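Enquirer: Have a look at this one before I ask anything.
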Amino acid sequence: MDRTVREGLVWALVAVLLWSFSLPLTKMAVDGFSAVTVAAGRGVIAGVLATLVLVATRRRPPPRQLWRPLGWTAFGAMLGWPLLLALALQYTTSVHAAVITAVMPLVTAAFAVWFGGEHVTRSFWVAAGLGTATLVLYASARGGLTDGGWLPDLLLIGAVVASSWSYVQGAAASRELSGWEVISWVSALSLPFTVPIAAVAWILTRDAYEPSSGSWTALILLGVSSAYLGFFAWYRGLAMAGTAYGGQVQQLQTLLALVWSAVLLGEVITWGTVVAAGVVVGAVAWAQRSRSGALVGPEE
């Protein structure tokens, strides 16, 4: 594994570390806001911050050929994923959602191979499948399959597809722009959509909620970290390590989220969690070692 790939994996891990706080922060935020307000509001915060950064650095608009991948990235990362996830969580539990969304790294890899021209080995698919299956079985054992109904599952599948597609498109744009520029333009471009959605959701639900200082703090942190700074590292990491391989690091996110939930919310970590963590870490390491002999960049 060369130095560029190793550095890319480190950047991807930094992004996953930042995103792993999303679950406990979201739990804190929805105590004072509706799910849709939180989903769109974090995009508004990221968009305002991104606009200030772009103005301060005097960045010129990206080349015309990048507007399409940037638009797809905005649609998936700033609208599709958070809104579909928020809608699904109105009908099901976060544990059930973990069962469905655990397949995201695998879907991301498939998109990177089918549409991004990346090449992976057979061992990679075995390792990625093992990590995904472990997460699904672990979440299922915690009660993740107790909820019935097809609507939340369809919403969650849509969220996974939107997010995975945005990763591939954002990584493609990151080959010509730095990661922070990609997410800055994506966040700023999303403001005409996130602002009215957040405003309407707030107006319709404000009488039902009383946001505390903790809820406001959690929402702001979600906008700054999860919706903005995390993507700085993520898109840089995917561009350097390859979307298929780099994306497998995200399998660690669910387990890290459980650690922060235990620390911040007092939730209990069981031996099952420790065993699942060990298997997933091993699967991620196996996936990275399997890159030997594979072309991880797009086909020339």
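Enquirer: Could you list, in sequence order, the residues of the range 237-262 that are modelled with pLDDT of 75 or more, in a helix (DSSP H, G or I) and out of contact with any Pro (no Cβ under 6 Å at 6 or more places or on another chain)?
Expert: Hits for the range 237-262 are Gly237, Leu238, Ala239, Met240, Ala241, Thr243, Gly246, Val249, Leu252, Gln253, Leu256.
Enquirer: Here is a follow-up. Quick check: is even one residue across the range 84-91 in contact with a helix residue (DSSP H, G or I) (Cβ under 9 Å, 6 or more places away or on another chain), of a type outside the set (A, V, I, L, M) and modelled with pLDDT under 90?
Expert: Taking the range 84-91 and keeping what is in contact with a helix residue (DSSP H, G or I) (Cβ under 9 Å, 6 or more places away or on another chain), we get 84-91.
Next cut, of a type outside the set (A, V, I, L, M) only: 90-91.
Still in the running and modelled with pLDDT under 90: 90-91.
Checked against the condition, which is being in contact with a helix residue (DSSP H, G or I) (Cβ under 9 Å, 6 or more places away or on another chain), of a type outside the set (A, V, I, L, M) and modelled with pLDDT under 90, the range 84-91 yields at least one hit.
Enquirer: Sticking with this structure for a sec: Within the range 219-236, track down each residue that is more than 11 Å from the chain's Cα centre (by Cα), at pLDDT below 90 and either not in a helix (DSSP H, G or I) or not aromatic (Phe, Trp, Tyr) (or both).
Expert: Of everything in the range 219-236, those that are more than 11 Å from the chain's Cα centre (by Cα), at pLDDT below 90 and either not in a helix (DSSP H, G or I) or not aromatic (Phe, Trp, Tyr) (or both) turn out to be Ala233, Arg236.
Enquirer: Right, here's the next one. Would you confirm whether or not the range 48-55 contains a residue that is crowded, with 20+ Cβ neighbours inside 10 Å and part of a helix (DSSP H, G or I)?
Expert: So in the range 48-55, the residues crowded, with 20+ Cβ neighbours inside 10 Å come out as 50.
Filter once more, so that each one left must be part of a helix (DSSP H, G or I): 50.
Within the range 48-55, one or more residues are crowded, with 20+ Cβ neighbours inside 10 Å and part of a helix (DSSP H, G or I).
Enquirer: May I pose another question? With the structure loaded, tell me whether Thr194 is modelled with pLDDT under 90 and part of a helix (DSSP H, G or I) or whether it fails that test.
Expert: Working: modelled with pLDDT under 90: no; part of a helix (DSSP H, G or I): yes.
No, not satisfied.
Enquirer: Considering (1) closer than 12 Å to Ala188 by Cβ; (2) touching a residue at least 24 places away in the same chain (Cβ under 8 Å), say which one Leu52 fails and leave the rest.
Expert: (2)
The values are calculated or read from the model by the stated rules, or taken from the named source; none is laboratory data. Source: prediction; values computed, not measured. Counting neighbours? That spans all protein chains shown, and the Cβs are built from the backbone with ideal geometry, glycine included.
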